[in-house]
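As structure tokens, the structure follows; a few thoughts come after it.
Coordinate-derived values only; no laboratory data. Quantities reported herein were computed from a predicted structural model and do not represent experimental measurements. Every residue, glycine among them, receives a Cβ derived from its backbone with ideal geometry; neighbour counts consider all protein chains shown.
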Amino acid sequence: MFKYLRPKEQSYAFLQDVDHPEKNRYGKAIETVSVDSELRGQSLNINGDNRVGENPNRYKQHGFYFTADNCISCHACESACSEKNDLEPHQAFRAVGYVEGGRYPEYTRLNISMACNHCDDPVCLKGCPTRAYTKYAEYGAVLQDPEICFGCGYCTWVCPYNAPQLDHSKGHVSKCNMCVDRLEIGLKPACVSACLAGALDFGIMETTPENRDGLDTSIPGFPSTDITHPNIRFQQKNKLPDEMSRTDSMPVKYKKNAKGKFEPHVAEKSVSGQSAEVEWNLNKLSTRENPLVIFTLISQAVVGAFILLFIGPMIGLETLTPVKNTIAWPMFLFGLIGIQTIALVLSTMHLGKPHRFYRAFNNLKYSPVSREVAGIAVFYNFIGAFTLLTGLPQLFFWLPESLLQLFVSITGWGAVVSGLAAIYFMHKIYRIPARPFWDHWQVFTSFYGNVLTLGPLLLVLVFAFIQVLNNESWMQVVPMIAVFVFVGLLMEGIGLYFHKNDLMKSGGEGAAAYFEQTTKFGRTYIARNLGLLSGLALAISMMVIDVDGIAAAVLWSGAAAIVLLTAITGRALFYALVMPTTMPGAFFWRNKKFQEHARETGLAEMPQVGVLPDLH
């Protein structure tokens, strides 16, 4: 099998055939498939080559070993990986970051080389809506096909190690492929073979490589292994200070606990020792997720408005009937379909390859993204059918009245149930352990709170103005609508209160995100909270004050403007603040603040800087 190797290949580059335990520390079998499995003997068809590797350990879980004490941060592993995979300057499947601690002359720096860990429980595979990921029996490699990917980037959200790389210039994700083509001919991955200091090694999991005896699963800066059960083992024996700091812009440091393990904590001062100031930073509220800000808010408003329109007559709101408003009823329904269509189009613009949006349905079994898209699609079709049946009944003159009413009931309740389900799946997208700021039930109260708040406000404003134009009173709907708005705002407020307390208790990246919310975005955060309190006060006043006509319409319009602005600000903060449990970067590389600086100053126009000028 070695006839395809380069001449004079060094001995350290070859995989070793060694004894191994039956199971790893997570209880998972090292043998990826049974001896008689039909998966054995198949070709990986790498670069069109249909040969099958003769490695005797082809069907055993492999992984990386990293000895931190040996790493000199020469970046040879990065260079070898980039050359092997022909990567652009702004991409790196393997990256070397570091943390540091102590004071001169006892300053200590710990380098960490990290790539994909080809986990036992790959959350990227489960989260990907297009099913671009596969965990292969061969070597236990988690591989991703960029040609299937449509660039939503959800795998980059759920991965705790920042392994999948979203290339904004190409519109798709790619990642470390374990160099399976090298493994097939008995060679270790390119990064391992290039390591000058012997810091990186590779082999069957739970075996001990040469010149090593440590098989730890933790190191300062490495996220919890509970999320994915990664296949990487560490050795770090040199003494470290009790506190290690990141040199990138993430306000996180690592402190030793009573057991000697490092845990993430909030770093309230920068590396230079400067305290954070309370600012507005309104310009930084704009992120790549802007289309999702609009999509989520519109979808929640449309679901809430339709549900109230449909059940309103059942709870005594006779104003909200097609008989009472023969023109307003169909116009409002068609309007809901129109703005939901705009929201759907905007959601596809978030993709790197919008023309492949239909692939979002490919992973309904596991991906919350696929389930959300399916839920919204079902809701969209139900509301469309309901609109035609009730808004343009003349099209169905040929149907018996009883059958028409049956279809109206089916489509109406179908839209109600599917709409609520869609919002549930939408909230599940953000319950990600790798993003602690999101992984809280406050997302549930926020999303459903907006259903109760934005939907009724949208509905009452449209019908109110129509009633005013017709010189009719609309006080019948005001108190009940105000109750919905109040409950929705109260839900969000309660969620935010517990969110804050729980983040501060848990510490780590979630608490760091909250710290940035009160400093970097502190003034914006206060303004959002004041808007929430103002909305609650206005909703209460609507429930108790008897105001009608133009005065009430003006008051409701003001309340709606405050609530809408508050919702947009809160949702923008939601996306701008989140911090992943990612590996530490360096002073320049993988440093969000440096990337911002490079774009602002024009450095990003130089490809060698490794920062794209614009993000999709």
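Taking the C-alpha atoms only, the angle from helix 290-311 to the longest principal axis of the chain is near 40 degrees.
For segment 241-251, 3J(HN,Hα) computed residue by residue from phi via the Karplus equation (6.51, -1.76, 1.60; θ = phi - 60°) reads x, 5, 9, 10, 10, 7, 9, 7, 7, 6, x Hz, glycine and proline entered as x. Each peptide in 532-543, 80-91 was scored by the mean count of other Cβ atoms within 10 Å over its residues; highest first, the order is 532-543, 80-91.
Using the Karplus relation 6.51 cos²θ - 1.76 cosθ + 1.60 with θ = phi - 60°, the per-residue 3J(HN,Hα) values for segment 45-50 come to 6, 6, 6, x, 8, 9 Hz, with x marking Gly and Pro. For the peptides 296-303, 590-597, the ranking by mean Cβ contacts within 10 Å, running from highest to lowest, is 296-303, 590-597. Please report the relative contact order for segment 282-577, taking Cα pairs under 8 Å with a sequence separation of at least 6, and give it as a percent rounded to a whole number. It comes to 24 percent, rounded to a whole number. Projected onto their three principal axes, the Cα atoms of the chain cover extents of 92, 61, 46 Å, largest first. Placing +1 on each Lys and Arg Cβ and -1 on each Asp and Glu Cβ, with no other charges, gives segment 445-596 a dipole about its Cα centre of roughly 740 debye. Pairwise alpha-carbon distances in segment 60-194 exceed 20 Å for 49% of all pairs.
Cβ under 13 Å from K593's Cβ, K593 left aside: what net charge do those residues give with Lys, Arg +1 and Asp, Glu -1? It works out to a net charge of +2. Against the chain, whose longest principal axis is taken from its Cα atoms, helix 549-577 shows a tilt of about 0°. For the chain, the longest principal axis of the C-alpha atoms and the axis of helix 442-469 are separated by about 30°. Candidate cross-link partners of K175 among the aspartates and glutamates, defined by an alpha-carbon separation under 18 Å and a same-chain spacing of 8 or more, comprise E78, E83, D86, E88, D120, D121, E138, D145, E147, D167. Averaging the Cα positions of each part gives two centres, and for segment 46-79 and segment 230-268 these lie 26 Å apart.
Summed over all non-identical Cα pairs, the Kirkwood treatment of segment 358-420 gives a radius of 12.8 Å. Its convex hull of Cα atoms gives segment 1-112 a direction-averaged projected area, equal to a quarter of the hull surface, of 11.6 nm². Distance cut-off 18 Å, Cα to Cα: go down the list K8/K60; K60/K126; K237/K261; K255/K284 and report the pairs above it. In this structure, K8/K60; K60/K126; K255/K284 lie more than 18 Å apart at Cα.
Sorted largest first, the spans of the alpha carbon positions of segment 282-577 along the three principal axes are 62, 50, 29 Å. The HN-Hα couplings worked out from phi for segment 19-32 by the Karplus form 6.51 cos²θ - 1.76 cosθ + 1.60 (θ = phi - 60°) are 6, 8, x, 6, 10, 8, 5, 8, x, 8, 5, 5, 6, 6 Hz, whole numbers, x standing for Gly and Pro.
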